[in-house]
Amino acid sequence: MHFLYNLFIQFAQFILKIVALFSPKIKLFIEGRKNVFLTLEQKIKPTDKTIWFHAASLGEYEQGLPVIEEIKEKYPNHKIVVTFFSPSGYEVRKNNTVADATVYLPLDTPKNAKQFLELVHPDLVFFIKYEFWINYLDQLKKQNIPTYLISGIFREKQLFFKWYGGFYRKALNTFTHFFVQNENSKKLITELDKTNVTISGDTRFDRVVAILEKDNTLDFIAEFKNNSLTLVIGSSWPKDETLLIEYINSCTLDVKFIIAPHNIKTEQIENLKNSITKKTVLFSEKENKDLSQYNVFIIDTIGILTKIYSYADIAYVGGGFGKPGVHNILEPATFGVPIIIGPNYSHFDEATSLVQLGGCLSITNQQELDQFLSNLIQNNETRRDKGQICNTFVQKNKGATNNIMTKIISL
């Protein structure tokens, strides 16, 4: 089976090189891995002590960041190495300040795994949430390097729990300890005779709670808001925007709208702007304008959505009409903002919980969106109560980072 796995990786590498000719994202995936070993040779000396964190993409990095920061403080003499599998994570966070070296993870071949670990020679290794690369795990096991899964999620559909998944189940023997998010994940992993498991919770709650301690001021957003009730639309996709634009264009209530689309390509931003009948301004054209005179503000840049949520009275979080589903709802939730999302959220425990608690409302069509928004806009008490549900939920679920650090120190 190991032979077939390695054959598949080699085949995938060949196919990706062909696809890269037509796909900018896959081109980044291939090109970004060419100089990984050279970068590591330059940044990591043989005498350095290191700790390695691996994140699949941006969401996993943000999820693991509270632990990375705590580990960095606890082990100040170690260099931190962060790897990404996906371009959408690496390209956004390649210049982060928490890591001493940030690179793509080379594809999971036996040769790459061995060379990578020779260069990094980590004392501790952390995989964030998921991604189980067989050759890397095999080398970590052979070298007896303590390896942890943090904020782990296990589901019955995963290969580990299939009758034919013995090859993957064996790879789990590498892990020194599993820190999982919920009871169901612990139940599944213990059914595989793993007793080295702790329900630590989700470190994303610690990440968003820390946001409250930062300066979230954006003067241009305050100028635009001008003390008006404001709906912030974050990480929207075309399906979300179709419904929201219909509402915005027909809304007669005194409301301002901020839209931060998931995709900020020029053509799509222009199409979005042209579809709105109310007075609209882009972030890229805000200079020398009286922003208070506009009704809609389109954010055609990245990196400021979290701070923008601090100005929201209501939030709509996009992605819920596509797959895998809704984007991060914890950021608006930590600011005590009621949230509206699309119907696809079942893979996200925090969204499922907040829908059940009533702080988050799920819609499936235009009529539901219109009804929920109008109710939240016109009813101050309802809006305040649902926002409080969101904030309380976040506060009650913080502490995963401390749980993980306490256990690691005791092992």
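The values are calculated or read from the model by the stated rules, or taken from the named source; none is laboratory data. Note that this is a predicted model, so its numbers are computed, not measured. For neighbour counting, all protein chains shown are included, and Cβ atoms are generated from backbone atoms with ideal geometry for every residue, glycine included. Side chains are part of the model used for accessible areas, which takes the heavy atoms of the whole protein and leaves out ligands, DNA and RNA. Shrake-Rupley method; radii C 1.70, N 1.55, O 1.52, S 1.80 Å.
Simple spin-label model, 7 Å along Cα-to-Cβ: L192 to I15 in nm?
Between L192 and I15, the label points sit 2.4 nm apart.
For the range 216-397, what is the relative contact order in percent, using Cα pairs closer than 8 Å and at least 6 residues apart in sequence?
For the range 216-397, the relative contact order is 22 percent.
For the range 361-411, what class follows from the C-alpha gyration tensor (a ≥ b ≥ c being the square roots of its eigenvalues): rounded when a/c is under 1.5, otherwise prolate if a/b is larger than b/c, else oblate?
oblate
Using the 2.2 N^0.38 Å rule of thumb for compact globular proteins, work out how the range 216-397 stacks up: its C-alpha Rg over that value, please.
That ratio works out to 0.95.
Could you work out how far apart the two model spin labels at L159 and E41 are, taking each label as a point 7 Å from the Cα in the direction of the beta carbon, and quote it in nm?
Result for the modelled spin labels: 3.2 nm.
Carbon and sulfur: what percent of the range 15-201's accessible surface (1.4 Å probe)?
The value for the range 15-201 is 52 percent carbon and sulfur by accessible area.
Enter the angle in degrees (range 0 to 90, nearest 10) between the Cα long axis of helix 380-396 and the first principal axis of the Cα atoms of the chain, meaning the one along which they spread out most.
Approximately 10 degrees, to the nearest ten.
Loop-only check: which trypsin sites (Lys or Arg not before Pro) in the range 204-292 are DSSP coil with at most 11 other Cβ within 10 angstrom?
K214, K265, K279
Report the local net charge at A56: Lys and Arg +1, Asp and Glu -1, summed over other residues whose C-beta lies under 11 Å from its C-beta.
-1
Using alpha carbons only, what's the Rg to Rh ratio of the range 15-201 with Rh from Kirkwood?
0.96
Using amide H atoms built in the peptide plane, which far-off residues or other-chain residues are under 5 Å from S362 H to H?
I341
Reachable lysines from K25, Cα under 20 Å, same-chain residues fewer than 8 places away excluded?
The reachable lysines, counting only those whose Cα sits under 20 Å from K25, are K17, K34, K94, K265, K323.
Taking Cα pairs under 8 Å and at least six residues apart, what relative contact order does the chain come out at, in percent?
12
If the viscosity is 0.692 mPa s and the temperature 37 °C, what Stokes-Einstein diffusion coefficient in µm²/s follows for the chain when Rh is the Kirkwood radius over Cα pairs?
143
Going Cα to Cα from K398, which lysines come in below 21 Å? Please leave out same-chain ones fewer than 8 positions away.
Correct list for K398: K72, K74, K129, K186, K214, K307, K386, K407.
Of the accessible area of the range 242-360, with the probe set at 1.4 angstrom, what percent is carbon plus sulfur?
Carbon and sulfur atoms account for 46 percent of the accessible area of the range 242-360.
Give the separation of the Cα centroids, the range 15-61 to the range 76-138, in Å.
8
How much accessible area per residue does the chain have, counting only protein heavy atoms and a probe of 1.4 Å, in square angstrom?
So the chain comes to 48 Å² accessible per residue, rounded to a whole number.
Counting GluC sites (Glu not before Pro) as exposed when in a DSSP loop with at most 14 other beta carbons within 10 Å, what is the longest stretch of the chain free of them?
1-155
Below 13 Å, Cα to Cα, which aspartates and glutamates can K279 reach? Residues fewer than 8 away in the same chain don't count.
D290
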